[in-house]
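Some notes on the structure that comes next.
The values are calculated or read from the model by the stated rules, or taken from the named source; none is laboratory data. Here the structure is a predicted model, which is why all the values come from computation and not from measurement. All Cβ positions, glycine included, derive from the backbone under ideal geometry; neighbour counts span all protein chains shown.
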Amino acid sequence: MRGPPPRPSTESAPHLPARARGLRTSTHQAGQAREHGVRFLEPGVRSLGAVAGMPAQRHSSAAYAESPSSGEATLAECGESVTVERHGQRNRLEDTVTRPVSAYSAFPMRIAVAAFLLAVLLFPAAAPSQTTVVPFGASGYRYTVVEHGGLPTFQSPAYDASSFLLGAAPFGSPGFCPLASTVQTLWPTDSDLLVRRAVTLPAGASEVSVAFANDNDVLVYWNGNLIASQTHGGCATHDSPVVSVPDALVQAGSNLLAVRGADRGSQSFLDIRVSAVLNAPPDCSSAVASPIRLWPPNHKLRSVTLTVTDPDGDPVTVTITSVRQDEAVQGRGDGRTRPDAMLGSESDQVRLRAERSGNGDGRVYEVAFRASDDNGGSCTGRALVGVPHDRGRGRVPINSGLNFDSLGA
């Protein structure tokens, strides 16, 4: 039968404090500290919680020394000073270890920071993807054909284009170029083609662009403002050019796109695509009330906060607009207190009374709200908060369908 392992000599640990000399010691690696429920904090973070009256000790050691009387322990690895603190009970360590910054511990951190910066340079974050708002080959254009330079104010939003014809892109004339076979609306050569169409964009739309396939030249207007002029020779090709619309000219709702195409003979062609990065509004179906249940029913007002997420990760502002409940504000068995709701100090907070009728099946509050992001997107929704009748069979509050104003007196 194998006996207990010999105790290491205290001479082998001259670094230990005098009050720890002669105590039982055993060798540990830093990773073995997990067996004692220890977790490591970031380098340089102070340890949390010290034994009352016992300041933490720091020692550079590869040994773990324990003193039942002092309530202290130390652990070190690779010459670093690490502090383990525990409460007075033997072998019960408080789950905090401090690694002070040293030449050894700072070096890996520098490598990690350098690797992160390199990753950012080599793999930058992907740009928001655009959505096609008006595709190539779309219908719904108002157009007319004039001599070169005719109708010079056709691009104005105030211009009356009711006499223009209604047609579909591409516009052009027969010919040998590859895209000529896709023409939907005839545009005679050696003339100007004037086209207009409304482009509807939601609030928060950005990075709007207009792509062309044209033969020969185009002048591009957005809401009456000239944003591009391009001369092109040879057969038309898609996305040649692509014009960016200044964000300052983009408005929520209807925008006017107007294009003057000019053909210099031989063959004509014009097709248009409009794209944009569209803002997704907050998702009101994701609304979460915290807390969702109020207990105990002690008739006190409890603060409830609503949280709504945004698909784009935009900050969301939640504004509570009304509160309704399925029990009377003053009814039998509910303590006869009123009102049962008060708007909180923040727009996303409301104070609800933790009470229900003792004669009913629990109370359900219906909190209506509006959520909006910084880019003009918004939604409306409702969140439910309940007060159970009891913690047994009545632990799930049931909405009776009745409707009372919780904010009313």
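What do you reckon, is Asn399 in contact with a strand residue (DSSP E or B) (Cβ under 8 Å, 6 or more places away or on another chain) and not in a strand (DSSP E or B)? Yes: the conditions hold for Asn399. For segment 215-230, the criterion of being under 18 Å from Gly167 (Cβ atoms), β-branched (Val, Ile, Thr) and part of a strand (DSSP E or B) is met by at least one residue. Scanning segment 227-239 for residues being closer than 17 Å to Val274 by Cα, exposed (fewer than 14 other Cβ atoms within 10 Å of the Cβ) and of a type in the set (Gly, Ala, Ser) gives a total of 1. Checking each residue of segment 141-162 against the condition of being among the charged types (D, E, K, R) and surrounded by 13 or more Cβ atoms within 10 Å (Cβ to Cβ) gives at least one match. Residues in segment 329-386 that are part of a strand (DSSP E or B) and of a type in the set (Asp, Glu) were compared, and the one that is nearest to Leu278 (Cα to Cα) is Asp373. Asp215 meets the conditions (1) modelled with pLDDT under 95; (2) surrounded by fewer than 21 Cβ atoms within 10 Å (Cβ to Cβ) in every case but one. The failed one is (2).
Please state which of the following conditions Tyr365 fails to meet, knowing it meets all the rest: (1) more than 25 Å from Asp283 (Cα to Cα); (2) surrounded by 22 or more Cβ atoms within 10 Å (Cβ to Cβ). Against the list (1) more than 25 Å from Asp283 (Cα to Cα); (2) surrounded by 22 or more Cβ atoms within 10 Å (Cβ to Cβ), Tyr365 comes up short only on (1).
If the condition is being out of contact with any Asp or Glu (no Cβ under 6 Å at 6 or more places or on another chain), among the small types (Gly, Ala, Ser), under 18 Å from Trp187 (Cβ atoms) and modelled with pLDDT under 95, then segment 241-267 contributes only Ser266.
With the structure loaded, tell me whether Phe176 is touching a Ser or Thr at 6+ places or on another chain (Cβ under 9 Å), over 18 Å from Asp247 (Cβ atoms) and touching a residue at least 60 places away in the same chain (Cβ under 8 Å) or whether it fails that test. Against the criterion (touching a Ser or Thr at 6+ places or on another chain (Cβ under 9 Å), over 18 Å from Asp247 (Cβ atoms) and touching a residue at least 60 places away in the same chain (Cβ under 8 Å)), Phe176 does not qualify.
Between Pro296, Pro281, Pro246, the distinction of being within 36 Å of the chain's Cα centre (by Cα), touching a residue at least 40 places away in the same chain (Cβ under 8 Å) and loosely packed, with under 14 Cβ neighbours inside 10 Å belongs to Pro296 only.
Count of segment 179-201 residues, restricted to those that are part of a strand (DSSP E or B) and crowded, with 18+ Cβ neighbours inside 10 Å, is 9.
Determine whether segment 179-196 contains at least one residue that is closer than 30 Å to Asp373 by Cβ, among the basic types (Lys, Arg) and touching a residue at least 12 places away in the same chain (Cβ under 8 Å).
No, there is no match, as no residue in segment 179-196 is closer than 30 Å to Asp373 by Cβ, among the basic types (Lys, Arg) and touching a residue at least 12 places away in the same chain (Cβ under 8 Å).
Checking Gly204, Gly224 one by one, the residue that is surrounded by 14 or more Cβ atoms within 10 Å (Cβ to Cβ), of a type outside the set (A, V, I, L, M, F, W, C), at pLDDT below 95 and under 37 Å from the mean Cα position of the chain (by Cα) is Gly204 and no other.
Checking each residue in segment 231-267 for being closer than 20 Å to Gly137 by Cα, in a loop (DSSP other than H, G, I, E, B) and of a type in the set (A, V, I, L, M, F, W, C) picks out Cys235, Ala236. Among the numbered conditions (1) in contact with a Phe, Trp or Tyr (Cβ under 9 Å, 6 or more places away or on another chain); (2) surrounded by 15 or more Cβ atoms within 10 Å (Cβ to Cβ); (3) modelled with pLDDT of 95 or more, the only one that Val329 does not meet is (3).
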